[in-house]
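See below for the structure under consideration.
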Amino acid sequence: MHKDIATPMRTKEILKKYGFSFKKSLGQNFLIDPNILRNITESAGLTKETGSIEIGPGIGALTEHLARSSKKVLAFEIDQRLLPILEDTLSPYDNVKVVHQDILKADVQGLIETEFKDIKDIMVVANLPYYVTTPIITQLLTKRLPLRGIVVMLQKEVADRISAKPGTKEYGSLSIAIQYYTKAETVMVVPKTVFMPQPNVDSAVIRLTLHDEPIVNVDNEEFFFQVTRASFAQRRKTLLNNLTSQLPNGKGVKEEILEALDQIGIDPGRRGETLSIEEFAALSNALYPIIN
Ligand code: SAM
């Protein structure tokens with residue numbers, strides 16, 4: 001076993017050797033605690049049959065743990081300056097492929113097909129760049145990649161919103177968007193001291209396990225998400241108020257919306273934050289013929 005990259009001393013050594021300076025705009029907060037890395041890797045349930053996808057390997061702190069526990073690692077890094085460093089730090093591992101691309105622009109599906117040919121178990125494991133956590137997670141899910149799950153470090157505030165239950169102040173359209181595809185759990189809350197440099201916000205690790213079967217039946221997914229966003233547009237407003245003011249021609253079909261709510265047994269005076277995902281599915285299926 002090689003010396004861990006993620007100790008404060010080794011990290012400083014590597015940064016100094018390459019004269020590397022952190023770019024805040026790329027969300028560069030590197031992990032310097034091997035225990036946290038072990039916890040992240042264990043939460044992902046990796047085996048020697050797993051293909052791991054990492055977003056933003058940095059200097060390879062998490063990558064080497066993934067390499068030790070997976071069959072193969074595919075790591076997307078946007079910052080060109082890190083490529084020669086990764087070549088050096090990851091030289092002991094022959095099962096890592098670093099791709100110099102922005103994850104939001106990369107053809108992830110195509111790369112899975114070529115790089116993970118004989119691999120069936122695929123996990124995304126990453127310490128995400130905080131400026132783009134939500135777009136990254138939603139893109140991975142809406143692209144319907146063949147993943148078992150996603151284990152990522154992100155801002156605690158976003159983790160709380162993703163795993164929130166109805167009736168809480170954190171519950172919103174993001175909770176529903178993610179829970180539509182996955183079971184969401186917060187695995188641990190992480191202190192700022194495990195990063196270099198330390199971020200301004202608290203962090204947490206979440207695990208998203210993709211549902212084998214859809215948990216609700218939705219006639220039109222795009223419209224389902226449109227209805228959930230509309231229902232949370234102004235949290236103090238009633239469901240009816242939000243629906244009529246946010247949906248196209250909502251005011252013109254107010255009576256039909258009221259009738260639909262009555263039919264599915266949802267009180268128009270409730271607030272969006274009290275509706276379960278099942279109720280949002282029933283609501284969007286009932287409203288679809290009225291609005292479209
Ligand atoms: N995995 C390393 C660790 O835990 O120490 C670094 C994590 S750091 C929070 C985020 C990493 O993502 C940085 O290396 C950064 O350059 C990279 N990054 C930022 N935006 C990216 C993007 N759009 N696509 C791929 N990598 C990105």
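I need a count of the residues in the range 58-67 that are of a type outside the set (D, E, K, R) and in a helix (DSSP H, G or I).
Residues flagged as of a type outside the set (D, E, K, R) and in a helix (DSSP H, G or I) within the range 58-67 amount to 6.
If you take the residues in the range 75-84 that are within 10 Å of the ligand (Cβ to nearest atom) and over 21 Å from the mean Cα position of the chain (by Cα), which one is surrounded by the most Cβ atoms within 10 Å (Cβ to Cβ)?
L82
Tell me, please, whether a residue that is surrounded by fewer than 22 Cβ atoms within 10 Å (Cβ to Cβ) and away from the ligand (no atom under 14 Å from the Cβ) can be found in the range 26-41.
no
What number of residues in the range 29-57 are touching a helix residue (DSSP H, G or I) at 6+ places or on another chain (Cβ under 9 Å) and part of a loop (DSSP other than H, G, I, E, B)?
Start the filter on the range 29-57 by keeping residues that are touching a helix residue (DSSP H, G or I) at 6+ places or on another chain (Cβ under 9 Å), which leaves 29-38, 40-42, 44, 46-48, 50-57.
Adding the requirement that they be part of a loop (DSSP other than H, G, I, E, B) leaves 29, 32-33, 44, 46-48, 56-57.
Total satisfying the criteria: 9.
Hey, any hits in the range 121-136 for a residue that's crowded, with 20+ Cβ neighbours inside 10 Å, polar (S, T, N, Q), within 21 Å of H211 (Cα to Cα) and in contact (Cβ under 8 Å) with a residue 40 or more places away in the chain?
The answer is no; no qualifying residue exists.
Identify, by number, the condition in (1) away from the ligand (no atom under 13 Å from the Cβ); (2) within 24 Å of T186 (Cα to Cα); (3) buried (at least 20 other Cβ atoms within 10 Å of the Cβ) that G58 doesn't meet.
In the conditions (1) away from the ligand (no atom under 13 Å from the Cβ); (2) within 24 Å of T186 (Cα to Cα); (3) buried (at least 20 other Cβ atoms within 10 Å of the Cβ), G58 misses (1) alone.
Yes or no, residue by residue, for (1) farther than 20 Å from I40 by Cα; (2) in a helix (DSSP H, G or I); (3) within 13 Å of the ligand (Cβ to nearest atom):
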{"residue": "V73", "(1), (2), (3)": "no, no, yes"}
{"residue": "D88", "(1), (2), (3)": "yes, yes, no"}
{"residue": "K105", "(1), (2), (3)": "yes, no, yes"}
{"residue": "E113", "(1), (2), (3)": "yes, yes, no"}
{"residue": "D118", "(1), (2), (3)": "yes, no, no"}
{"residue": "I122", "(1), (2), (3)": "no, no, no"}
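Exactly one of (1) in contact with a strand residue (DSSP E or B) (Cβ under 9 Å, 6 or more places away or on another chain); (2) modelled with pLDDT under 95; (3) basic (K, R) is unmet by K3. Its number?
Of everything listed in (1) in contact with a strand residue (DSSP E or B) (Cβ under 9 Å, 6 or more places away or on another chain); (2) modelled with pLDDT under 95; (3) basic (K, R), K3 misses just condition (1).
Between a residue in the range 75-95 that is closer than 11 Å to Y18 by Cβ and any residue that is more than 11 Å from the ligand (Cβ to nearest atom) and aromatic (F, W, Y), which pairs come within a Cβ distance under 9 Å, given they are 6 or more apart or on different chains?
If the second residue must be more than 11 Å from the ligand (Cβ to nearest atom) and aromatic (F, W, Y), the pairs left are R81/Y18; L82/Y18; P84/Y18; I85/Y18; D88/Y18.
Between a residue in the range 180-198 that is among the aromatic types (F, W, Y) and any residue that is modelled with pLDDT of 95 or more and within 16 Å of the ligand (Cβ to nearest atom), which pairs come within a Cβ distance under 8 Å, given they are 6 or more apart or on different chains?
Pairs that qualify, where the first residue is among the aromatic types (F, W, Y) and the partner is modelled with pLDDT of 95 or more and within 16 Å of the ligand (Cβ to nearest atom), are F195/N29; F195/F30; F195/L31; F195/I32; F195/S203.
Can you confirm whether I178 is outside any helix (DSSP H, G or I), modelled with pLDDT of 95 or more and β-branched (V, I, T)?
It is false that I178 is outside any helix (DSSP H, G or I), modelled with pLDDT of 95 or more and β-branched (V, I, T).
Regarding N200, is this residue more than 16 Å from the ligand (Cβ to nearest atom) and exposed (fewer than 13 other Cβ atoms within 10 Å of the Cβ)? Break it down stepwise before answering.
On the way: more than 16 Å from the ligand (Cβ to nearest atom): no; exposed (fewer than 13 other Cβ atoms within 10 Å of the Cβ): yes.
In short, no.
Considering only the range 203-285, give the helices (runs of 4 or more DSSP H) lying wholly within it that have at least 3 residues that are touching a residue at least 40 places away in the same chain (Cβ under 8 Å). Even if it seems obvious, please write down each step before you answer.
Working: elements: 221-231, 239-246, 254-263.
Filter on the range 203-285 gives 221-231.
Are any residues in the range 90-103 charged (D, E, K, R) and more than 13 Å from the ligand (Cβ to nearest atom), and if so, which ones?
Across the range 90-103, the qualifying residues are D94, K97.
The values are calculated or read from the model by the stated rules, or taken from the named source; none is laboratory data. Since we're looking at a predicted model, the values are computed, not measured. When we count neighbours, we look across all protein chains shown, and the Cβ atoms used for this are built from the backbone with ideal geometry, even at glycine.
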